[in-house]
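Let me begin by presenting the structure, written as structure tokens, before commenting on it.
The values are calculated or read from the model by the stated rules, or taken from the named source; none is laboratory data. What you see is a predicted model; the values in this text were computed from it and never measured. Don't worry about glycine lacking a Cβ; one is built from the backbone with ideal geometry, like all the others, and counts go over all protein chains shown. Surface accessibility is based on the protein's heavy atoms, side chains included, excluding ligands, DNA and RNA. Shrake-Rupley method; radii C 1.70, N 1.55, O 1.52, S 1.80 Å.
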Amino acid sequence: MFKKMAVSCFTMHIAFMLLSIISSDAKKPNIILLMADDLGIGDVGCFGNTTIKTPNIDRISREGAKLTHHLSASSLCGPSRAAFLTGRYPIRSGMATRTFARSCIFVASSGGLPASETTFAELAKTSGYTTALIGKWHQGWSESSLEDYEHHPNNQGFDYFYGYPLTNLKDFGSDARESLMKSIFPYWNHQLITTFLVLFICFTCLYSTRMIGLALYIVLVIFISSVLFTLHYAYIIRYKDFNSLLYRNKELVEQPMELSTLTKRFADEGVEFLENHRKDDKPFLLMVSWSQVHTYLNTTKEFRGRNKHGRYGDAVEEMDWGVGEILDTLDRFNLVDNTLVYFTSDNGGHLEERNADGEVHGGYNGIYKGGKAHGAVDGGIRMPTVLRYPSVVRPGTVIDEPTSLMDIFPTIANIIQTKLQPKLHIDGQDIIPLLSGKETVSPHDFMFHYCGEDIHAIRYRPRQGLSVWKLAVRSPNYLPGKQVCRFVCNCRDVVVNDPPLLYDMTSDPSELRPLDLSRYPEIVNIMLKAMDDHKNSIIPQPYQMDLSRILWKPWLQPCCGSFPSCSCADKKYEGKFE
């Protein structure tokens, strides 16, 4: 009898444990992360825009929280996204740069987010989540051989990937007058360079009787001319064909991409992922990384000509429609209450961007100074961010405290109940206490704003009072009388502020009135010491954006078909969207 009772008790105990585990898994929230590309904080309705309709992004804000002081770790997409994925400043992963190039511009380059880095997708996957990335990646592709996929999303924690390795670029569009490569190399002409070399050889030959020297010169000019011709062919004429690539996991399904239907395809893939998810009991993490509103701007016919801001406004409204498709699917499957939905941008609007006819194709950053690639001014790093999490966040919450895109990493770790490895130096902070109202002050004492490998500014939030201080040690070298650069600002051509410029961002968010440093010596000294301490915490890593890593490598060039006639279309969506 006692044996039967013991067996029965043991069985009940095991059953209770299993039920607890199942119940625990069921309580794990789903996570949806939506990221725009180059969207300005002034482009969204809930942040004050009255001329572009964004009802779905506004809905997230209304039903959750609006973060008015949410900062990216970089004002450019590549390093900003690396920090977002890992919760670490880009300098820690080698995704910062010490050269003029700050992001990959070739698929067939070897730099990228190291596989040794831990992403939030990997955290989720090890906690039993199904993970997917749809859209832009821009964290590298292969490293040593064509199909090693060292930097591929599937190798960084994402079970499913549908998107493009690089980014959307002006060269990928249908207007031959618009070209990023021609903007970078406006005077590139291999014929002129070759002619110059030939004339140089002839001139030298007139004053040289050494046949060996003549032969060496001839070999040199043939070699250089062939290299220049190859580069000119591959990356001025054929840049679109070789870099506008669309993948499903590791299968190249479209080359070049059809840009006009990308937003609808990404929304469709997101909806399909959610539909497939309801068939199993595993929680999910879905990241949709929209192609909009990075140039080249293109939409389906349905959205063309709808907005007074031309193709830019059309693109924002189409992206907002895509956000709505995801939200509506959550409603349909009763997933709202147990799903965290987060929307943001990777960096600010590109103020200098124009199309070939002079139409503005960059975003609006509201009252904030500067924009995309402008170093540490807030227009380039203060993101239009909204978040909905019904079990934690009250509808209509507004968070004015400084937070960071890097905070998403430790916040996810918290809500999925995963402990972070002690060896990881995470710069983000868990913002659940702030979102829930348990805390009212930012979890960050300091934030450090980089441009490349250099710190351009430090932000300080004291534990008392309301002020948020910003000390700018470097500033963009703007065109005279303007707050823009010629095409895009870079991290080397800057103004070194000696002495630094101090701003109270609470009363002067536009960074227009630098304060008298002599009145705030304690604040300045605290910030400078924090910067030194932070620098001492950096462990040097190989620079992923060094010239040797970002240059085109022919052996890494993907091709759908027979090289160099690379072409294919995604059969799944042929004729589906117009």
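Some observations on this one:
- Candidate set: segment 255-290, residues that are in a loop (DSSP other than H, G, I, E, B) and touching a Lys or Arg at 6+ places or on another chain (Cβ under 6 Å); chosen: the one least open to solvent (accessible area, probe 1.4 Å): Pro283
- Single condition Leu471 does not satisfy, out of (1) exposed (fewer than 15 other Cβ atoms within 10 Å of the Cβ); (2) in contact with a helix residue (DSSP H, G or I) (Cβ under 6 Å, 6 or more places away or on another chain): (1)
- All positions within segment 31-70 that are touching a residue at least 40 places away in the same chain (Cβ under 8 Å), more than 22 Å from the chain's Cα centre (by Cα) and not in a helix (DSSP H, G or I): Gly48, Asn49, Thr51, Ile52, Lys53, Gly64
- All positions within segment 83-121 that are in a helix (DSSP H, G or I) and either among the hydrophobic types (A, V, I, L, M, F, W, C) or free of Cβ contacts under 8 Å to residues at least 24 places away in the same chain (or both): Ala83, Phe84, Leu85, Ile91, Phe120, Ala121
- In segment 331-366, of all residues being open to solvent by 10 Å² or more (accessible area, probe 1.4 Å) and polar (S, T, N, Q), the one that is farthest from Pro476 (Cα to Cα) corresponds to Asn334.
- Of the residues making up segment 439-498, those that are closer than 26 Å to Gly362 by Cα, hydroxyl-bearing (Ser, Thr, Tyr) and out of contact with any Pro (no Cβ under 8 Å at 6 or more places or on another chain) are Ser475, Tyr478.
- Qualifying residue in segment 462-469 (condition: part of a strand (DSSP E or B) and under 27 Å from Ala65 (Cα atoms)): yes
Per-residue answers, yes or no, for (1) on the phi > 0 side of the Ramachandran plot; (2) touching a strand residue (DSSP E or B) at 6+ places or on another chain (Cβ under 8 Å); (3) not basic (Lys, Arg):
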{"site": "Pro395", "(1), (2), (3)": "no, no, yes"}
{"site": "Met406", "(1), (2), (3)": "no, no, yes"}
{"site": "Ile415", "(1), (2), (3)": "no, yes, yes"}
{"site": "Lys423", "(1), (2), (3)": "no, no, no"}
{"site": "Asp427", "(1), (2), (3)": "no, yes, yes"}
{"site": "Leu434", "(1), (2), (3)": "no, yes, yes"}
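- Among the numbered conditions (1) modelled with pLDDT under 95; (2) closer than 24 Å to Ser291 by Cα, the only one that Tyr89 does not meet is (1).
- From the list Gly313, Gly322, the lone residue that is within 22 Å of Ser61 (Cβ to Cβ), out of contact with any Phe, Trp or Tyr (no Cβ under 9 Å at 6 or more places or on another chain) and in a helix (DSSP H, G or I) is Gly313.
- Residue selected from segment 535-552 under the condition farther than 11 Å from Arg92 by Cα and in a helix (DSSP H, G or I), by the criterion most open to solvent (accessible area, probe 1.4 Å): Asn536
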